[in-house]
Amino acid sequence: MPQSSPRNHRNNPYTLDRMFAQVHHSAAGSLWRFRTELGALATVTASGWELETMVTLGWTLIVFGLVAMTALAVPWTRQLVVRRAWCVISRHRIQRVCFETRMHTRSGRLPLVVRITPTEVGERALIWCRAGICADDFTAHAPEIAAACLARQARVEGSRRWAQLVYVDIVRRDTLAPHHVIHSGLALMPPRWRKAS
């Protein structure tokens, strides 16, 4: 039987902590977690309001449709939109996995995802750990983070300067993998011919 990690919170010796720990959702915390969505909604609403004062509602919808079609038709803007969308999704999934794996303080405060940026292979998140949480907690739950973010792998690295900062690299693509694999013809040969002399 494999020995369990002492940092794995599934083996919590304090079984009654579940009953006493409550997750507090403050208004400031909710605003911080949904800052990208709220910023995008405010921008679209304000620009739609301003555009509607200049032209009719029909032309406003046509302009928004053309902007959306252009953003999705041009390859580099489509890539930018898709990568930023994955950043937002990954941020919410990291927060959810922190809640589900009990990587929060006893009072229920989750680590803060300060920044998440797209990289060539996926995303890189900068996480501010609250008191009682460290980089080893994220390392112990790296497979859960990868599964929650729909990724191949999650790599965790602590900051060299500050102990409360953790970098989580979410790997979605392998840029070094071959794009076209040439299969060997030996697999199609009968087994007696494949034997080495």
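The values are calculated or read from the model by the stated rules, or taken from the named source; none is laboratory data. The model shown is predicted, which means the values in this text are computed figures rather than measured ones. When we count neighbours, we look across all protein chains shown, and the Cβ atoms used for this are built from the backbone with ideal geometry, even at glycine.
Under 7 Å between Cβ atoms, at least 6 apart or on separate chains: pull out the pairs that start in segment 61-86 with a residue that is over 18 Å from Glu37 (Cα atoms) and free of Cβ contacts under 8 Å to residues at least 60 places away in the same chain and end on any residue that is outside any helix (DSSP H, G or I) and among the aromatic types (Phe, Trp, Tyr).
Close Cβ pairs satisfying both conditions: none exist.
For segment 50-58, does any single residue satisfy the condition of being surrounded by 11 or more Cβ atoms within 10 Å (Cβ to Cβ), without any contact (Cβ under 8 Å) to a residue 40 or more places away in the chain and within 25 Å of the chain's Cα centre (by Cα)?
Checking segment 50-58: not a single residue is surrounded by 11 or more Cβ atoms within 10 Å (Cβ to Cβ), without any contact (Cβ under 8 Å) to a residue 40 or more places away in the chain and within 25 Å of the chain's Cα centre (by Cα).
How many of the residues making up segment 97-115 are at pLDDT below 90 and either in a helix (DSSP H, G or I) or acidic (Asp, Glu) (or both)?
Within segment 97-115, residues that are at pLDDT below 90 and either in a helix (DSSP H, G or I) or acidic (Asp, Glu) (or both) number 3.
Limited to segment 157-166, what total is found for residues that are buried (at least 17 other Cβ atoms within 10 Å of the Cβ) and of a type outside the set (Val, Ile, Thr)? Spell out the reasoning first.
Of the residues in segment 157-166, the ones buried (at least 17 other Cβ atoms within 10 Å of the Cβ) are 158, 166.
Now drop any that are not of a type outside the set (Val, Ile, Thr), which leaves 158.
Of the residues in that region, 1 qualify.
Take Ala154 and tell me if it is modelled with pLDDT of 90 or more, surrounded by fewer than 20 Cβ atoms within 10 Å (Cβ to Cβ), within 13 Å of the chain's Cα centre (by Cα) and under 22 Å from Arg173 (Cα atoms).
Taking the combined requirement at face value, the residue does not satisfy it.
So Leu72 clears everything in (1) of a type outside the set (Gly, Ala, Ser); (2) in contact with a helix residue (DSSP H, G or I) (Cβ under 9 Å, 6 or more places away or on another chain); (3) at pLDDT 85 or above except one condition, right? Which one?
Only one criterion in (1) of a type outside the set (Gly, Ala, Ser); (2) in contact with a helix residue (DSSP H, G or I) (Cβ under 9 Å, 6 or more places away or on another chain); (3) at pLDDT 85 or above is unmet by Leu72, namely (3).
Given (1) touching a strand residue (DSSP E or B) at 6+ places or on another chain (Cβ under 8 Å); (2) surrounded by fewer than 16 Cβ atoms within 10 Å (Cβ to Cβ), where does Asp169 come up short, assuming only one miss?
(2)
Can you give me the number of residues within segment 122-143 that are acidic (Asp, Glu) and under 12 Å from the mean Cα position of the chain (by Cα)?
Within segment 122-143, residues that are acidic (Asp, Glu) and under 12 Å from the mean Cα position of the chain (by Cα) number 1.
In segment 112-137, what residues are of a type in the set (Asp, Glu) and either surrounded by fewer than 20 Cβ atoms within 10 Å (Cβ to Cβ) or closer than 22 Å to Cys87 by Cβ (or both)?
Glu120, Glu123, Asp136
Given the conditions (1) surrounded by 16 or more Cβ atoms within 10 Å (Cβ to Cβ); (2) at pLDDT below 90; (3) closer than 21 Å to Arg172 by Cα; (4) not hydrophobic (A, V, I, L, M, F, W, C), which single one is not true for Arg91?
Failing condition for Arg91: (2).
Could you list, in sequence order, the residues of segment 81-98 that are under 20 Å from Leu165 (Cβ atoms) and more than 11 Å from the chain's Cα centre (by Cα)?
Result: Cys98, single match.
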